[in-house]
Every structure is written in C-alpha cells, then in structure tokens.
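What follows draws every value from the coordinates through simple rules; no lab data is involved. This structure is a prediction, so every number in the text was calculated from the model and none was measured. In this analysis, Cβ positions are derived from the backbone assuming ideal geometry, glycine residues included, and neighbour counts consider all displayed protein chains.
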Amino acid sequence: VLDDADGDIDGDGISNLNEYLEGTGVSNSGPEKPLLSLPADAATGAALAPQLVTNAYEDQENDAHKKTQWQISTESTFTIPANILLEFETYDSLTRLTIPEFILDPNKTYYWRARFFDILDGRSLWSDPFSLTTLMVNPEDSDGNGVPDIQQVTDGTIDLDNDGYFDVSSSTYKMVSTNNISFGLEGSNNVTGVDFLKSIDPDDISDTFGKPSDLAFGLIQFKIRVDNIGDTAQVKIYFSQPVGTTWYKYDLINGWTDYSRDYPASVEFSSDGKSVLLRLVDGGAGDSDGVANGIIVDPSGPGAVAAVSSDSVAAVAAATESGGGGGGCFIATAAFGSYMERHVKILRDFRDDFLLKSRWGTAFVMAYYKYSPPIADVIARHGILRTIVRIGLMPLIGFGYVVVYLSPLQQSVIFFWLLSMAAMAALYLIPFVYHPGQKRHKTS
C-alpha cells in the first residue's frame, strides 16, 4: 500500500491527509491563491474602517466561489492567536470586505490576508500578506477618550446607574449622549478596559435584511478588553429612559440577528427597562471580531417587537436551548456552517413566526428536533453532502423568506406570478398529454 498522506495529488499546496480530514476532495485543486489589491501594500494613513479588496476569483475547474476567509493581525506571520484581531468566513464579502469599526486603532501597523473556498470546499493557499498603517488620530475622537466628540456627555449631574452619585467616565465606564437621550456602559470585574463607546444611527446601515423597525438608542457599538483570552465578560448598560425587551445585534458577516432570542441566558433586562446586563464571550457569542484575542467588539442595541407566547412555543424554546448548537436548526446549521449564517436565520424566523403559530407546525418542529441531530452530524462531516443539502434547502428558504419578510401585497404579486407561470406551463404541456383525435385501441 502506497502511503501518500503527505502527498499533494491536486497540486494545491494542501496535503492529501489534510484534505481528507477537512472533507475536501484530493482531486480538487481548489481556487487560485488570491492576490491582494487595496489598500496597496505598506499603505499609510489608512482609514480606521478601510475596505479590503482582492483580485477576481479564479478556479482551474471553474468551480463557483463559495466563501472567503479574511484575517487581520498585528504581526506578519499570523502564527500567534492573540495577535489576530479579526477572522471572518463570509459568503457575501467575497472579494471586498469593509472592516468593522473599533477593530483597528490609530497610528498602528496591521497585516491582512485572505483565502478563497470553492463550492466543493476546496480552499486556496493564503494570499501573501499586505500591511497598512492607520492614520495618526481618530477624526471622530480628537481627545482620545473613547467617545465621539459629538456624543460627549456635557451634563455633569447625570446619574444613569441611580447610585446617588453623579456618573464619571473612567477606564471601565463610559457614557454617550445622542438625540437628547443618554446611555452608559460599565464593565464587570474581568473587564480591564472599555476602549470605545458610540451610538450608530441605524439609517447609516444600508443592510435592511431583518432590520428592526425601532432602535431608539441607535446601534450601541463598543470595544472592551478582558483579563484572559476566551473570557466571558459581563457589561451593564444604563439608559436614560426605558427600552424594549429585545436585544438586536448587527455585524457585516451575519447581518441583523435577535441576540436575546438566540442567547436568552446572555441578556437580562431590569424590571424598569432602564438597564440591561449582557454576557459576551471573547471569540464566541456576542464578539464580532470572530477570534478569541482578549478583545470583544459588539455592535448591538435594544429594540421592541411583539413577543410570541404559548405553552407549545415555550416547550420548543426549551428543546432549542437544551438541544445543542444550532438553536434547533441542526441540519441547516450543519449545511451552511454557522447558526448565524443568513440562510439559517431565515429558517429560524420561519420557524418562530410561522410554524410555531399552529399546532401542526409545532408538532413538525418537535419531531424535527427529535430526529434531525444524528442526520446533521453526518452532513457536517462531508463537504459534498453539505453542498447537496444547501441546494436542497433553497426552495424552503425562498418560501420562508416570502412568508416572513414580505408584505401581503408582495406575497400576492409573487403568488399570481407563480400561478401565471403554472398556467402557461399547463397550456404548453396539454397538447403533448391529450390528443383528442387519437383513438384508443382495445386490448384483448
């Protein structure tokens, strides 16, 4: 028997053994290595939220471009996990990625790279890294206190935490004032610093997919540091007026998500609605930089939506919470690789806003929870199966999108369009199926 584990049959720079372990085919050479484009290598004066651009995707087998993995580090070898500030795998930002705010600091040098994945999960080599040096001073924060100049709290008599003392900004407590409302953020004992805090106008975010209709305090974006890599941090946010009971999160990779529904144990609103306790995991739930590095970056905020409540829904929620990763969407999560991926989010919303509102839908969901986990485990281990299941789920995802996100008028337009297409198809097929002039022959 020939031992070719260390070989590279397809010449893609990845050993046969590693391709086997990762579920990719040794006969698939994968995409060509990306070439980075912008910002140019060794660029200076780069913005704090720059757009990274690669060359066009190329693949020898003409396999479609599935996703891109991006990394940003403070050192050029990318070998020290604590120095990696950002790690994303995205199905949307394939050759262009705008870096979220608060990842990069002023007057520092960073290194970035990317690699492509094809539809069969064949991966390219990492690109050669580029470096960039950011501008000297954050133009929004000229005094460097971690709050935008136009959002500084000027009222020295504010007491958001109601402890009887006027609030004072410190290394672990910051305040913001915008649109005649204020909020303050305080870190727990293992939070060593609150570096930045700001309110983002929701209208400045063009992504409307799943966007809540009401974000009175805007999107609250902050950057905190924790004692140890991988720590779970607690932050408490105090508001000048009551807020809703739903906590939304937004990032460039997962879009808008309901964090209070996805991680109910990590969001606690006070009885008066004027504060919320958040639990965030460095490199995990609530951390938008995608890597455990001692830094948590979180853009999120309170919104108000109608809650769905019934005994059956409560039972399903309990099953979701105890059923392991994926929040109950086991097969979809296995197929798309992440519980927070947008197609999985559509199916979650379809479950919550449509299926769970009827007896038959709830029965279906409960049966799905019971029988799907072992199937999902098999799917997760095989790249080709994941691809097949993703394709197979598309009609259901499309139907779920129409049901959950479109207005009755839009649904009616789509329904009549489909009905028209079906009628045209029937008129086309009838002559081939029914021949009125043809006589039937009796058989003896």
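So the values come out like this:
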item	result
For region 77-155: relative contact order, % (alpha-carbon pairs under 8 angstrom, 6 or more apart)	22 percent
Convex hull volume per residue in cubic angstrom - Cα atoms of region 33-171	144 Å³
³J(HN,Hα) computed for each position of region 297-303 - Karplus, 6.51 cos²θ - 1.76 cosθ + 1.60, integer Hz, glycine/proline x	10, 9, x, 7, x, x, x
Electrostatic dipole magnitude of region 16-134 [Cβ: Lys, Arg +1; Asp, Glu -1; Cα centre; debye, to 20]	320 debye
Whole-number percent relative contact order across region 28-126, with pairs defined as alpha carbons under 8 Å at least 6 apart	40 percent
Qualifying trypsin sites (Lys or Arg not before Pro) in region 234-271, DSSP loop, other Cβ atoms within 10 Å at most 16	none
Per-peptide average of other Cβ atoms within 10 Å, ordering 188-199, 133-144 highest first	188-199, 133-144
DSSP-loop trypsin sites (Lys or Arg not before Pro) across region 53-131, with at most 15 other Cβ within 10 angstrom	Lys108
Nonlocal amide H pairs with Thr44, under 5 Å, H built at 1.01 Å	Thr133
Residue-by-residue Karplus 3J(HN,Hα) for region 156-173, coefficients 6.51, -1.76, 1.60, Hz, glycine and proline x	x, 10, 7, 9, 5, 8, 6, 9, x, 10, 5, 6, 10, 5, 8, 5, 10, 8
For Glu58, residues with placed amide H under 5 Å, excluding near neighbours	Glu32
